[in-house]
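Data block below; observations after.
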Amino acid sequence: MLHLEVDGAGGGRVVLVHGFTQTARSWDSVAPALAAHREVVGVDLPGHGGSSDVRLGFAQTAAAIGGAGGRAVYVGYSLGGRLCLRLALDRPDLVAALLLVGASPGLAEPTERAARRRADDALAAEIEHVGTTAFVDRWLASPLFAGLRPSRADLEGRRANRPDGLAWALRVLGTGSQEPLWDRLGALHMPVLVTAGADDLKFAALAAAMAADIPSAMVALVPDAGHAAHLERPDEWLGLVQPFLDTHHTA
């Protein structure tokens with residue numbers, strides 16, 4: 001059901017799950033290095049890329065990722081990280097190890113979730129009004145991505161997304177609509193590495209908070225990087241995560 005991009009072979013499988021407005025192509029700055037000794041599967045999420053016509057709820061999307069990837073190490077960024085976290089909790093048999101980038105378990109407070117749903121709905125309406133290219137350009141100009149210089153593949157993939165798909169994804173897969181997972185984190189027993197940019201203070205703090213609740217978790221912060229740490233400092237991020245991937249992999 002979900003569109004996949006597959007590269008590499010041997011050494012186990014790694015499934016890459018992108019963030020909002022992205023596609024599987026957005027991993028191009030790190031995927032070749034990961035694929036040198038592994039099979040790498042990039043997933044296009046519902047409403048994005050080759051999965052633009054797919055419409056699934058949050059839990060159903062997490063299940064579809066697992067159905068597409070099978071048993072693997074799952075690597076998720078932002079929206080993709082939230083979905084991989086849900087998959088790891090629902091289907092731990094499929095997740096040999098979990099690697100998160102700039103991700104969270106959702107918003108614990110109902111008032112925060114309600115406010116976020118209103119904000120996500122306003123952004124969705126903006127996408128429908130101005131179109132993908134104008135929205136993506138404004139989205140990437142926000143302080144959250146101040147350190148990001150998108151690759152050509154990343155930017156082209158983002159701009160090719162359809163407005164209806166992105167608007168739907170915000171309303172259905174956004175943080176405001178997600179069931180928070182904080183109370184379930186203690187059930188994770190597979191190896192977990194939580195990464196964030198050291199300059200992304202909000203998500204660096206979330207990484208520490210998550211690791212405190214996950215028995216098997218470690219935290220790695222990427223120096224001089226913001227929210228998209230793996231794209232802003234790909235070599236530094238790879239240097240932090242390759243030992244984890246080398247140690248924890250599928251046969």
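The values are calculated or read from the model by the stated rules, or taken from the named source; none is laboratory data. Since the structure is predicted, the reported quantities are computational estimates derived from the model, not experimental observations. Cβ atoms come from the backbone with ideal geometry, glycine included; neighbour counts cover every protein chain shown.
Structure data summary
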| item | result |
| --- | --- |
| Enumeration of residues in segment 85-103 that are out of contact with any helix residue (DSSP H, G or I) (no Cβ under 7 Å at 6 or more places or on another chain) and surrounded by 24 or more Cβ atoms within 10 Å (Cβ to Cβ) | LEU85, ALA88 |
| Number of positions in segment 134-150 that are outside any helix (DSSP H, G or I) and over 17 Å from the mean Cα position of the chain (by Cα) | 5 |
| Pairs, first closer than 18 Å to TYR77 by Cα and modelled with pLDDT of 95 or more in segment 165-187, second buried (at least 20 other Cβ atoms within 10 Å of the Cβ) and among the acidic types (Asp, Glu), C-beta under 7 Å, six or more apart | LEU170/ASP120; GLY174/ASP120; GLY176/ASP120 |
| Candidates LEU155, LEU98, LEU107, LEU140, filtered to the one that is of a type outside the set (Val, Ile, Thr) and in contact with a strand residue (DSSP E or B) (Cβ under 6 Å, 6 or more places away or on another chain) | LEU98 |
| Those helices (runs of 4 or more DSSP H) lying entirely in segment 163-251 with at least 1 residues touching a strand residue (DSSP E or B) at 6+ places or on another chain (Cβ under 7 Å) and closer than 28 Å to LEU34 by Cα | 201-213, 229-232, 234-247 |
| Selection from segment 29-49 of residues that are crowded, with 18+ Cβ neighbours inside 10 Å and not aliphatic (A, V, I, L, M) | SER29, ARG38, GLU39, GLY42, ASP44, PRO46, GLY47, HIS48, GLY49 |
| Some residue of segment 123-144 being at pLDDT below 95 and touching a Gly at 6+ places or on another chain (Cβ under 9 Å) | yes |
| Matching residues, segment 200-235, being among the acidic types (Asp, Glu) and surrounded by fewer than 19 Cβ atoms within 10 Å (Cβ to Cβ) | ASP213, ASP224, ASP235 |
| Only one of VAL6, VAL15, VAL54 that is buried (at least 24 other Cβ atoms within 10 Å of the Cβ), farther than 18 Å from ALA229 by Cβ and touching a residue at least 24 places away in the same chain (Cβ under 8 Å) | VAL15 |
| Residue in segment 104-114 that is within 20 Å of the chain's Cα centre (by Cα), surrounded by 14 or more Cβ atoms within 10 Å (Cβ to Cβ), under 20 Å from ALA167 (Cβ atoms) and modelled with pLDDT of 95 or more present | yes |
| Condition check for ALA124: part of a helix (DSSP H, G or I), over 17 Å from the mean Cα position of the chain (by Cα) and buried (at least 16 other Cβ atoms within 10 Å of the Cβ) | yes |
| Some residue of segment 55-63 being of a type in the set (Gly, Ala, Ser) and touching a strand residue (DSSP E or B) at 6+ places or on another chain (Cβ under 9 Å) | no |
